[in-house]
């Protein structure tokens, strides 16, 4: 802790960022979103992608400042341009939902793909959703299942839940109750309450 504080005082971007993380998470120091925000802001100004992403996330969540999707998009964009997968995934989500930016499924698809190709499970799950519902792409259940499976293998609860329902209802696939229950069980274990309820009804 003292090392990070000393290094931060000397202006080292990584140290400032790490101090921000400690303040954000309350690890080794009292949790303080306002001070975390200040650290992320300073490191983001120095061009550190992870700090730009976390600053965007704080604007997105409304922590230490009023929720501001426009500002979130601005900082996600900066981090995404440097290849930060989580920022690409979140920027894709903003374009997908039209929060802070004009809704644009093509741009959402572009950023989801960039993040998904780096293994980001949220982006993979959201790509599955786009293909399942035909948002910005031709509806393709096989492609949707492919992306849901990639995310589900990384223990993404939302992907496991959706994939479970797909197998339960036979949406574009052959119905498979055993597989559906397994996926719903995993989703439940990973914190998806809705999956717990449906799994309980199927047992």
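The values are calculated or read from the model by the stated rules, or taken from the named source; none is laboratory data. Everything numeric in this text was worked out from a predicted model, so none of it was measured. Neighbour counts are summed over all protein chains in view; Cβ atoms, including those assigned to glycine, are modelled from backbone coordinates with ideal geometry.
Results, tabulated for the structure shown:
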read-out	value
Any hit, the range 115-138, residues being free of Cβ contacts under 8 Å to residues at least 24 places away in the same chain, in contact with a helix residue (DSSP H, G or I) (Cβ under 8 Å, 6 or more places away or on another chain) and surrounded by fewer than 20 Cβ atoms within 10 Å (Cβ to Cβ)	no
Flag if residue 31 is out of contact with any strand residue (DSSP E or B) (no Cβ under 6 Å at 6 or more places or on another chain) and over 28 Å from residue 134 (Cα atoms)	yes
Filter result for residue 170 (under 23 Å from the mean Cα position of the chain (by Cα) and free of Cβ contacts under 8 Å to residues at least 60 places away in the same chain)	no
Yes/no for residue 6 being part of a helix (DSSP H, G or I), surrounded by fewer than 17 Cβ atoms within 10 Å (Cβ to Cβ) and at pLDDT below 95	yes
Residue within the range 17-37 that is under 26 Å from the mean Cα position of the chain (by Cα), crowded, with 20+ Cβ neighbours inside 10 Å, at pLDDT 85 or above and outside any helix (DSSP H, G or I) present	no
Check on residue 77, in a loop (DSSP other than H, G, I, E, B), within 20 Å of the chain's Cα centre (by Cα), modelled with pLDDT of 95 or more and under 28 Å from residue 130 (Cβ atoms)	no
